[in-house]
1. Per residue, how much accessible area does the chain have with a 1.4 Å probe, in Å²?
2. I'd like the Karplus ³J(HN,Hα) series for segment 55-66: coefficients 6.51, -1.76, 1.60, θ = phi - 60°, whole numbers in Hz, and an x wherever there's a Gly or Pro.
3. Equivalent ellipsoid semi-axes for the chain, as square roots of 5 times the alpha carbon gyration tensor eigenvalues: give them largest first, rounded to whole Å.
4. How much accessible area does THR5 have with a 1.4 Å probe, in Å² rounded to the nearest 10?
5. Using Cα atoms only, what is the angle between the long axis of helix 13-24 and the major principal axis of the chain, expressed in degrees (0 to 90) to the nearest 10?
6. Just the number, please: carbon plus sulfur as a percent of the accessible area of the chain, 1.4 Å probe, no ligands or DNA/RNA counted.
7. Straight-line reach from LYS49: which lysines fall under 30 Å, measuring Cα to Cα and dropping same-chain residues less than 8 apart?
8. How large is the helix-only mean residue ellipticity at 222 nm for the chain, computed as the sum of -39500 (n - 2.57) over DSSP H runs with n ≥ 4, divided by its residue count, in deg cm²/dmol to the nearest 500?
Amino acid sequence: MLNATLKIRSEDSEAIASSLVPEVERDLSRTHASVLLSDGAAVISINGKDTVAMRAALNSYLECIKITEEISRMVKVNV
């Protein structure tokens, strides 16, 4: 089994962690993930059964993080 941990420390860490909760709660057969907020950082732990599953999971979570940060920036600009 492959393991990866992403630690994102930014002013959007709380939003990132909460936005990933629905994703990590999905029941997938080849990957398992968890997310928590620790010392101001969003920490995402991913376990994949194979490299294909791990790559897909990492791409998915990184895309969600990118979108969350982009939305946060747009909201801050328009406030």
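1. 66
2. Computed from phi, the couplings for segment 55-66 are 4, 5, 5, 4, 4, 5, 5, 5, 5, 4, 5, 4 Hz.
3. Here the semi-axes work out to 24, 13, 10 Å.
4. 100
5. Rounded to the nearest ten degrees, it is 40.
6. 55
7. LYS7, LYS66
8. The per-residue figure over the chain is -17000 deg cm²/dmol.
The values are calculated or read from the model by the stated rules, or taken from the named source; none is laboratory data. Here the structure is a predicted model, which means the values were calculated and not measured. Cβ coordinates were reconstructed from backbone atoms using ideal geometry, including for glycine residues, and neighbour counts include every protein chain displayed. Heavy atoms of the whole protein, side chains included, go into the accessibility calculation; ligands, DNA and RNA do not. Shrake-Rupley method; radii C 1.70, N 1.55, O 1.52, S 1.80 Å.
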